[in-house]
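Participant: Got a structure for you, questions after.
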Number of protein chains: 2
Amino acid sequence: MTITVESLARASARDVRALIREGKWTAHTSGLALGHAQANMIILPQDWAYDFLLYAARNPKACPILDVTDVGSPEPKVIAPGADVRTDLPRYRIWRDGELMGEPADIISEWRDDLVAFMIGCSFSFESALIDAGAPVRHIEEGVNVPMYLTNVQCLPAGRFSGNMVMSMRPIPHGQVVTAVTCTARFPSVHGAPMHIGDPAEIGIRDINRPDFGDAVTINPGETPVFWACGVTPQAAVMQSRPPFAITHAPGHMFIADKRDSDYAVF
Amino acid sequence: MTITVESLARASARDVRALIREGKWTAHTSGLALGHAQANMIILPQDWAYDFLLYAARNPKACPILDVTDVGSPEPKVIAPGADVRTDLPRYRIWRDGELMGEPADIISEWRDDLVAFMIGCSFSFESALIDAGAPVRHIEEGVNVPMYLTNVQCLPAGRFSGNMVMSMRPIPHGQVVTAVTCTARFPSVHGAPMHIGDPAEIGIRDINRPDFGDAVTINPGETPVFWACGVTPQAAVMQSRPPFAITHAPGHMFIADKRDSDYAVF
């Protein structure tokens with residue numbers, strides 16, 4: 001039987017993680033295990049952990065922390081007890097001195113006793129709310145990864161970390177832009193309300209059809225691009241700050257948590 | 001001229017901090033510089049900073065981080081550029097090995113180059129919203145410090161830190177309890193929605209008239225005690241976890257930030 005997004009939309013987080021662990025799902029995770037929160041990830045050596053946690057605390061819109069593993073432990077106990085961040089994401093990125101070295105399907109051979117994994121909120125968590133409110137989520141409609149852009153918005157630096165903010169974009173019909181703001185503002189720990197509405201040039205984006213991460217999507221006449229802070233922001237910080245070693249998820253290839261999207265709604 | 005809460009209610013945060021720095025205001029800060037956010041504080045040696053920041057990340061209801069100073073710097077640049085955490089709070093607490101050693105009015109002589117100050121959200125920030133919604137704030141009405149209780153609710157441990165949650169209490173008329181929930185939920189980074197509504201025994205409080213910190217307030221017939229997570233929680237962690245050295249604010253004697261309460265509203 002072919003495994004499709006549709007067949008996994010109603011699956012449990014645990015079942016989807018098991019498929020991913022077995023190598024049976026290697027694509028992006030948008031639309032899988034609907035209702036379960038998904039998480040961005042960055043893994044760093046203990047020596048860099050304080051600087052990153054401070055970077056996250058100073059930039060909570062881009063880097064809302066959902067869970068942090070104990071040093072050397074691959075288990076995200078808060079959001080998915082029993083899971084293993086070394087195997088349960090479909091695609092990883094290995095970074096050395098800020099350079100992308102590879103995109104393996106697991107990181108068993110890269111794991112070390114001094115590593116700490118930071119799990120960061122993902123805007124996929126509010127997409128159900130957008131859909132429920134009647135707003136389109138174009139990348140789901142088109143079956144592609146969400147478009148993400150490296151903007152000119154600078155994050156507050158922290159220790160050795162600095163970098164610009166990455167934002168995801170969804171085209172919203174003019175009449176639904178306010179709804180898109182209010183229904184995502186309810187979820188502050190998964191990026192919350194948008195960072196920017198309208199002209200991409202205002203945040204340093206030259207060509208909206210050429211995202212820096214993910215896939216381009218159609219913007220129809222009468223639609224406004226709306227930008228939300230994105231958990232790929234730590235990868236921009238890795239590129240700029242060049243820690244000797246880091247592992248992240250591959251953009252769009254998220255960790256699927258047991259926690260539900262609704263756990264992160266303030267209302 | 002006598003300085004009163006009333007005379008400082010409409011003062012700027014900067015002006016109130018200046019009075020405090022000059023030793024002209026040494027009491028608790030409830031009701032001062034209305035509209036400005038107030039902050040709890042804990043200062044720790046760099047060696048303990050990661051464990052505490054992780055404790056805060058794992059317990060965001062009790063320890064929402066508003067600002068963290070750079071190592072050795074007393075300036076909270078995010079919430080009050082130019083301020084000095086060594087002089088700008090009316091009363092401090094000095095802790096050694098988890099024991100309270102004194103309550104000085106400044107900490108100039110205690111400052112060290114390895115110290116980090118964590119500024120933590122305070123429920124005073126949503127009290128204007130309660131008042132605007134027509135709900136009483138009894139400790140303001142009675143001119144005393146808010147009552148705070150050490151509960152039996154355990155925080156998630158992090159590194160060497162563990163402890164139970166401290167909660168503040170406000171008596172709310174039965175008909176306004178729902179309003180008290182919704183209007184404080186808008187402020188997730190200053191403790192947000194209540195942790196508990198009703199029977200104090202349920203969270204381990206034996207005598208509601210004997211708070212562990214602050215002052216008792218009148219609970220009228222027809223009112224329900226409503227409990228919010230409190231930024232004195234780090235002091236309970238200090239008592240249990242016994243770091244060699246720590247400085248905190250004295251309960252109720254807060255840092256008054258330039259940031260406004262409204263900066264922390266998600267709507």
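Participant: Which of these, B:Pro234, B:Pro194, B:Pro221, has the largest mean-square fluctuation under a Gaussian network model of chain B (Cα springs below 10 Å)?
Facilitator: Among B:Pro234, B:Pro194, B:Pro221, the largest GNM mean-square fluctuation belongs to B:Pro221.
Participant: Ordered shortest first, which distances in nm separate the 7 Å Cα→C-beta label point of A:Asp212 from those of the other copies?
Facilitator: 4.5
Participant: Same structure again: I need two numbers for segment A:1-123: Rg to one decimal and Dmax as a whole number, Cα atoms only, in Å.
Facilitator: 14.7, 46
Participant: Further question on the same structure: Evaluate Rg over Rh across segment B:169-267, taking Cα atoms for both radii and Kirkwood's formula for Rh. Intermediate values should be presented prior to the final figure.
Facilitator: Working: Rg = 15.4 Å, Rh = 15.5 Å.
Rg divided by Rh gives 0.99.
Participant: Could you list B:Lys77, B:Lys259 in order of exposure, starting from the residue whose Cβ has the fewest other Cβ atoms within 10 Å? Display every interim value, and only then the final one.
Facilitator: Details: B:Lys77 15, B:Lys259 21.
Starting with the residue having the fewest Cβ neighbours, the order is B:Lys77, B:Lys259.
Participant: Can you run the Rg to Rh ratio on segment A:124-233? Use alpha carbon positions and the Kirkwood inverse-distance Rh.
Facilitator: Over the Cα atoms of segment A:124-233, Rg/Rh equals 0.95.
Participant: Can you give me the long-range amide H partners of B:Gln38? Hydrogens built in the peptide plane at 1.01 Å from N, cutoff under 5 Å, separation of 5 or more residues or another chain.
Facilitator: Those qualifying (amide H under 5 Å, at least 5 residues apart or on another chain) are B:Cys122, B:Ser125, B:Ala257.
Participant: Could I ask something else about it? Of all GluC sites (Glu not before Pro) in segment B:1-100, which ones are in loop regions per DSSP and have a Cβ with at most 16 other Cβ atoms within 10 Å?
Facilitator: Working: sites: B:Glu6, B:Glu22, B:Glu99; in loops: B:Glu22.
Listed in order of number, the matching sites are B:Glu22.
Participant: Assigning unit charges at the beta carbon (Lys, Arg +1; Asp, Glu -1) and nothing else, what dipole magnitude in debye, to the nearest 20, does segment A:124-233 show about its Cα centre?
Facilitator: Dipole size: approximately 320 debye.
Participant: Please state, to two decimals, what the Cα-based radius of gyration of segment A:81-130 comes to when divided by 2.2 N^0.38 Å (N = residues).
Facilitator: Details: Rg = 13.6 Å, N = 50, 2.2 N^0.38 = 9.7 Å.
Rg over 2.2 N^0.38 Å, computed on Cα atoms: 1.40.
Participant: For A:Lys61, which lysines qualify as cross-link partners when the Cα separation must be under 26 Å and same-chain residues fewer than eight apart are set aside?
Facilitator: Of all the lysines, those that pass the test against A:Lys61 - Cα under 26 Å, at least 8 places apart if same chain - are A:Lys77, A:Lys259, B:Lys61, B:Lys77, B:Lys259.
Participant: Do any GluC sites (Glu not before Pro) in segment A:108-166 lie in a DSSP loop with no more than 14 other beta carbon atoms within 10 Å, and if so, which?
Facilitator: The qualifying sites are A:Glu142.
Participant: Hey, with R₀ at 30 Å, roughly what FRET efficiency would A:Glu202 and B:Ser12 work out to, going by the Cβ-Cβ distance, to 0.05?
Facilitator: Numbers: r = 32 Å, r/R0 = 1.07.
It comes out at approximately 0.40.
Participant: In addition: How far, in nm to one decimal, is B:Met239 from itself in the other copies if the label point is set 7 angstrom along Cα toward Cβ? Shortest first, please.
Facilitator: Ordered by distance, the counterparts are at 5.0 nm.
Participant: I've got another one for you. Pick out, from A:Asn145, A:Ser125, A:Asn209, the residue whose Cα sits farthest towards the positive end of the charge dipole of segment A:124-233, with +1 on the Cβ of Lys and Arg and -1 on the Cβ of Asp and Glu.
Facilitator: Ranked along the dipole, the leading option is A:Ser125.
Participant: List the distances, in nm and shortest first, from the label point of B:Glu110 to the matching label points in every other copy, placing each point 7 Å from Cα along the Cα-to-Cβ direction.
Facilitator: 4.4
Participant: Suppose the Debye formula is applied to equal point scatterers at every Cα of segment B:45-109; what is log10 I(q)/I(0) at q = 0.18 Å⁻¹?
Facilitator: Result of the Debye calculation: -0.88.
Participant: Continuing with this model, one more query. What full-extension length gain, to one decimal in nm, is calculated for B:Thr224 and B:Asp114 as 0.36 nm per residue of separation minus the Cα-Cα distance?
Facilitator: 35.1 nm
Participant: Another one. Which loop trypsin sites (Lys or Arg not before Pro) in segment B:93-147, with loop taken from DSSP, have no more than 13 other Cβ atoms within 10 angstrom of their Cβ?
Facilitator: Answer in residue order: B:Arg112.
Participant: Would you compute, from DSSP H runs of 4+ residues alone, the mean residue ellipticity of chain A at 222 nm, taking -39500 (n - 2.57) per run and dividing by the full residue count, rounded to the nearest 500?
Facilitator: Taking each H run of at least 4 residues, the total per residue is -5500 deg cm²/dmol.
Participant: Here is a further query. How would you rank B:Ile120, A:Ile79, B:Ile20, going from fewest to most other Cβ atoms within 10 Å of each one's own Cβ?
Facilitator: The most exposed by this proxy come first: A:Ile79, B:Ile20, B:Ile120.
Participant: Charges on Cβ only, +1 for Lys and Arg, -1 for Asp and Glu, centred on the Cα centroid of segment A:87-177; of A:Ala158, A:Leu115, A:Thr87, which one is farthest towards the dipole's positive end?
Facilitator: A:Ala158
Participant: Can you give me the relative contact order of chain A as a percent, contacts being Cα pairs under 8 Å and 6 or more apart?
Facilitator: Values: 623 pairs, mean separation 79.3, N = 267.
This gives 30 percent for chain A.
Participant: Write down the Kirkwood hydrodynamic radius of the protein assembly as shown, to one decimal in angstroms, obtained as one divided by the mean of 1/r over all alpha carbon pairs.
Facilitator: 24.1 Å
Participant: In whole angstrom, note down how far apart the Cα centers of segment A:27-94 and segment B:5-81 are.
Facilitator: Each part's Cα centre sits 29 Å from the other's.
Participant: Now for a separate question. Could you line up B:Phe245, B:Phe267 from fewest to most neighbouring Cβ atoms inside 10 Å?
Facilitator: On the way: B:Phe245 19, B:Phe267 12.
Lowest count first: B:Phe267, B:Phe245.
Participant: I'd like the per residue volume of the convex hull spanned by the Cα atoms of chain B, given in cubic angstrom.
Facilitator: Per-residue hull volume (Cα only) is 115 Å³.
Only the coordinates and a few stated rules stand behind these numbers; no lab work does. Keep in mind that this is a model prediction, so the values were computed, not measured. Note that each Cβ is placed from the backbone with ideal geometry, even for glycine, and that neighbours are counted across all protein chains shown.
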